[in-house]
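Everything below concerns the one structure shown next.
The values are calculated or read from the model by the stated rules, or taken from the named source; none is laboratory data. The structure presented is a predicted model; accordingly, all values stated were derived computationally and were not measured. So basically every Cβ, Gly included, is an ideal-geometry build from the backbone, and we count neighbours across all protein chains shown.
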Amino acid sequence: MASAKILVVDDQPVNVQILRKRLERENLSVLAAHSGEAAIAAVREHRPDLILLDVVMPELDGIEVCRRLQSFEEGRSTPIIFLTARDSKEGKIEGLGVGAVDYITRPLDLDETTARVLSQLRFATINRELVELQHRLAESRRSATIGAVTQGIVHNLNNLLGIVIGYLDLIQNQPDDRESVRRNADQVEHAVQRIVAIIKQLSSLAVSTRFPTSRRAFGPLIDGAIARFRADLPSAVTIDWQDTLPGVTLDTHVEVFEDALTKILMNAWESYEGLTDARRVIRIRATRVSGGAGGKPRVVIRIEDLARGLDPALRDQMFEPFVSSKQTVGVGMGLTVARHALRSLGGDVTLRDRDGGGAVAEIQHPIEAPAAKP
């Protein structure tokens with residue numbers, strides 16, 4: 001804290017000198033400004049660690065100085081302690097409302113003022129360390145995600161390309177066996193389509209812009225997702241769904257919404273894999289909720305399966321790319337893409353174990369389109 005810079009702003013030079021002498025005894029560096037304009041310029045130039053700001057000054061008072069400091073990064077990030085002879089509750093609330101972190105009334109007790117300065121400097125140091133730690137953690141997560149995606153891409157594409165090369169070798173070795181060539185060519189096409197699907201899903205993750213939305217009836221959106229799901233389904237499944245929200249409409253992107261639900265339905269169906277005696281049932285339930293983030297109304301869609309539940313080893317990684325309980329190559333992107341798509345629409349999806357067995361995917365989607373960011 002020995003290198004901390006304190007900017008003292010007061011139109012009375014004698015008040016600045018008194019504070020300077022006391023603060024310098026704590027090995028603090030003191031800068032001075034005798035007007036509001038000079039204070040703003042000093043913050044831009046010197047970036048002090050803390051500001052002691054007199055409220056009552058000619059031309060530009062402390063309240064207005066504080067407002068202007070909130071308009072640029074250096075000002076917003078610098079803690080401000082107001083100094084004033086006013087002791088009214090309204091004055092303190094006004095000062096705290098424009099960005100001050102503390103309020104000291106005159107006549108100043110220099111020991112108390114110094115103690116509050118040192119306390120705020122400690123808070124500021126802790127805050128900076130927390131912000132820096134958050135940046136480091138965010139960077140670590142980004143690096144880990146990039147590493148996981150890269151490793152997954154390499155692993156899956158290498159395996160799929162190996163399949164392609166293997167079947168092409170079989171075709172070259174048996175060029176006259178038309179039936180064998182046809183079967184092997186089908187396998188090559190299937191592997192190539194898996195490669196194309198991986199590339200398409202990775203491309204969708206790279207898109208961060210918000211999709212354009214239109215007003216659509218809720219029930220038909222779910223019906224559309226179920227129809228897509230059944231079209232891709234390799235075997236039968238029972239869908240327990242009845243529209244319980246007649247008249248509800250959503251601002252959404254039909255293609256993105258239905259595709260995300262299809263991927264979540266497929267994940268529920270795949271959870272039955274290996275349970276030969278189990279009847280594959282997927283239940284869909286929907287409710288309208290008035291509260292939530294920002295108090296905005298939304299629909300909550302629960303997609304339940306009655307299978308084995310979440311794999312404990314993968315529970316905390318279900319939405320990471322290329323994470324799957326299956327050993328098949330080219331899988332593990334469905335939930336990643338679904339969450340990314342729903343978040344782009346202002347919603348989200350979570351997974352948890354279902355009471356009584358199985359798993360529940362809970363989808364949230366706003367009824368009104370989120371306001372566009374400036």
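Which residues, taken from region 1-11, are surrounded by 12 or more Cβ atoms within 10 Å (Cβ to Cβ) and not basic (Lys, Arg)? Break it down into steps so the answer makes sense when it comes.
At the first step, the residues of region 1-11 found to be surrounded by 12 or more Cβ atoms within 10 Å (Cβ to Cβ) are 1, 4-11.
Within region 1-11, 1, 4, 6, 7, 8, 9, 10, 11 meet the criteria.
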Flagged pairs (Cβ under 6 angstrom, 6 or more apart or on separate chains; first in region 45-74, of a type in the set (Lys, Arg); second surrounded by fewer than 22 Cβ atoms within 10 Å (Cβ to Cβ)) are 47/74; 67/98; 68/40
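Would you mind finding the one in 81, 126 that is crowded, with 16+ Cβ neighbours inside 10 Å and either at pLDDT 90 or above or outside the structural domain of residue 17 (by TED's automatic domain parsing) (or both)?
81
Test residue 87 against the criterion of being surrounded by fewer than 19 Cβ atoms within 10 Å (Cβ to Cβ) and at pLDDT below 85, and give yes or no.
yes
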For region 343-355, pairs from a residue that is assigned to a strand (DSSP E or B) to a residue that is among the polar types (S, T, N, Q), with Cβ under 7 Å and 6 or more apart or across chains, are 348/364
Apart from one, (1) of a type outside the set (Phe, Trp, Tyr); (2) in contact with a Leu (Cβ under 9 Å, 6 or more places away or on another chain); (3) assigned to a helix (DSSP H, G or I) all hold for residue 94; the odd one out is (2)
Matching residues in region 31-45 (touching an Asp or Glu at 6+ places or on another chain (Cβ under 7 Å) and surrounded by fewer than 20 Cβ atoms within 10 Å (Cβ to Cβ)) number 3
Review point. For region 65-73, does any single residue satisfy the condition of being surrounded by 15 or more Cβ atoms within 10 Å (Cβ to Cβ) and of a type in the set (Ser, Thr, Tyr)?
Key: no
Exercise. Within the bounds of region 91-98, is there any residue that is surrounded by fewer than 21 Cβ atoms within 10 Å (Cβ to Cβ), in contact (Cβ under 8 Å) with a residue 12 or more places away in the chain and touching a Cys at 6+ places or on another chain (Cβ under 6 Å)?
Worked result: yes
Of the residues in region 241-271, those that are in a strand (DSSP E or B) and over 25 Å from the mean Cα position of the chain (by Cα) come to 241, 249
The residue that is nearest to residue 159 (Cα to Cα), considering only those in region 172-187 that are polar (S, T, N, Q) and under 49 Å from the mean Cα position of the chain (by Cα), is 187
The lone condition residue 233 fails out of (1) at pLDDT 90 or above; (2) surrounded by fewer than 20 Cβ atoms within 10 Å (Cβ to Cβ) is (1)
Yes or no: residue 12 within 16 Å of residue 106 (Cα to Cα), assigned by TED's automatic domain parsing to the domain that holds residue 96 and of a type in the set (S, T, N, Q)? yes
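Table: residues versus (1) in contact with an Asp or Glu (Cβ under 8 Å, 6 or more places away or on another chain); (2) buried (at least 19 other Cβ atoms within 10 Å of the Cβ); (3) at pLDDT 85 or above.
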residue: 325; (1), (2), (3): yes, no, no
residue: 345; (1), (2), (3): no, yes, yes
residue: 355; (1), (2), (3): no, no, yes
residue: 359; (1), (2), (3): yes, yes, yes
residue: 365; (1), (2), (3): no, yes, yes
residue: 370; (1), (2), (3): no, no, no
Reported set for region 1-34 where residues are among the small types (Gly, Ala, Ser) and in contact with a helix residue (DSSP H, G or I) (Cβ under 9 Å, 6 or more places away or on another chain) is 4, 29, 32, 33
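Could you check, for region 103-110, whether at least one of its residues is in a helix (DSSP H, G or I), at pLDDT 75 or above and of a type in the set (Asp, Glu)?
no
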Among the residues of region 255-286, the number that are surrounded by fewer than 16 Cβ atoms within 10 Å (Cβ to Cβ) and either at pLDDT 90 or above or within 17 Å of residue 343 (Cβ to Cβ) (or both) is 2
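Would you mind stating whether residue 23 is within 20 Å of residue 124 (Cα to Cα) and crowded, with 20+ Cβ neighbours inside 10 Å?
The answer is yes for residue 23.
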State yes or no: is residue 238 modelled with pLDDT of 90 or more, out of contact with any Ser or Thr (no Cβ under 7 Å at 6 or more places or on another chain) and in the same structural domain as residue 304 (by TED's automatic domain parsing)? no
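Considering only residues that are part of a helix (DSSP H, G or I) and of a type in the set (A, V, I, L, M), which ones fall in region 41-72?
If the condition is that a residue be part of a helix (DSSP H, G or I) and of a type in the set (A, V, I, L, M), then 41, 42, 43, 63, 65, 69 are the ones that fit.
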